[in-house]
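Before any comments, here is the structure.
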Amino acid sequence: MPELPEVETTRRGLAPHCVGAVITHVAVRETRLRWPVPASLAERLTGARLQHLDRRGKYLIMRFDSGRSLILHLGMSGYIRVVSPTATPRKHDHIDLMFDNDRCLRFHDPRRFGSVHLTEGPAESHSLLSSLGPEPLGEAFDGGYLHARAGNRRLAVKSFIMDSQVVVGVGNIYATEALYRAGIHPGRGAGRISRQRFDRLAATIQDVLSEAIDAGGTTLRDFARSDGQPGYFQQALHAYGHGGKPCARCGRTMRSVRLAQRATVYCPGCQR
């Protein structure tokens, strides 16, 4: 699934092609996504000028001069690419947003787990966004915040930092890598972690996500950037996907387990 760095990479790649342009046509070839595509999507978007393309967690937010916002989630396998409006659609190309600058944003989603939502008011008031926690790269996120939210919770720290109501966008890959860098066992109860260790964890989360964004996102089987090329952060991972391999720090064999139904890799020597 595309995580925060992949979505941010997509946002940065798309923005120069569409911000400031006016939608001239909307084509919906498949309405059966995770939630049905609004039947009035074309009518309500045509003629609107895109003022901003933002991101909130793993959601893209297109803000129009009409006051409406379009919220997009890429799901498990979705991506958006820039094409010519005359380009022949491929299988699983479900939605086209065509602009007056001869650009078309084409949403491709083989598994159809992505979603498109149109709001009449501020996007942040939508039920999908209203309860989200702070951005991990924002000023509201630090070790003190995590320590206060953890309280006496017994929830495994990996599950804790992957909870979007605690902090947005820290998915499985980056949670695994951040915990490895911070030297924290992913199964340790969140309430048993000191403020000092949470300071370290918050910093490693920010470092891992920033590095991934700079590198263009993690290369996953189902993800491609807006220009059709994959990201390259996978080459810098030291934990995720390294189960059974020697730890880069201490040489002990990395262990692979399932925690809260997610594949989890950790070093039994370095993480406690």
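In straight-distance terms, cross-link reach from LYS158 covers every one of the aspartates and glutamates whose alpha-carbon lies under 19 Å from its own, apart from those fewer than eight places away in the same chain; here that gives GLU3, GLU135, ASP142, GLU177, ASP199, ASP207.
Between amide H atoms placed 1.01 Å from N, distances below 5 Å from GLY169 occur with LYS58, all of them 5 or more places distant or on a separate chain.
Over the stretch 56-173, Cα pairs under 8 Å with separation of 6+ residues give a relative contact order of 26 percent.
For trypsin sites (Lys or Arg not before Pro), the sites in the stretch 62-99 that DSSP calls loop and that have at most 14 other Cβ atoms within 10 Å are ARG90, LYS91. May I ask you to list the lysines whose Cα is less than 29 Å away from that of LYS91, ignoring any residue fewer than eight positions away on the same chain? Partners found: LYS58. Please state the shape class of the stretch 12-60: rounded when a/c is under 1.5, otherwise prolate if a/b exceeds b/c and oblate if not, all from the C-alpha gyration tensor. Oblate, because a/c is 1.5 or more while a/b does not exceed b/c.
Residue farthest toward the positive end of the dipole of the chain, with Cβ of Lys/Arg at +1 and Asp/Glu at -1: which of VAL166, ILE193, LEU129? Positive-most Cα among the choices belongs to ILE193. Taking GluC sites (Glu not before Pro) as exposed when DSSP calls them loop and at most 13 other C-beta atoms lie within 10 angstrom, the chain has its longest site-free stretch at 140-272. Among the helices of the chain, those built from whole DSSP H runs whose Cα atoms reach 20 Å or more along their own axis and whose mean Kyte-Doolittle hydropathy is at least -0.5 are 195-215.
Ellipticity at 222 nm from helices only: DSSP H runs of n ≥ 4 in the chain, each -39500 (n - 2.57), divided by the residue count, give -7000 deg cm²/dmol.
Taking CYS18, CYS104, CYS250 in turn, the Gaussian network model of the chain (Cα-Cα springs below 10 Å) assigns the largest fluctuation to CYS250. About its Cα centre, the chain has a charge dipole of approximately 1360 debye under the convention of +1 per Lys or Arg Cβ and -1 per Asp or Glu Cβ, with nothing else charged. Our summary gives the chain a relative contact order of 19 percent, counting only alpha carbon pairs under 8 angstrom and 6 or more residues apart.
Since every read-out is calculated from the coordinates, none of them should be taken as a lab result. Predicted, not measured: the structure shown is a model, and the values here were computed from it. Note that we place each Cβ from the backbone using ideal geometry, even for glycine, and neighbour counts take in every protein chain shown.
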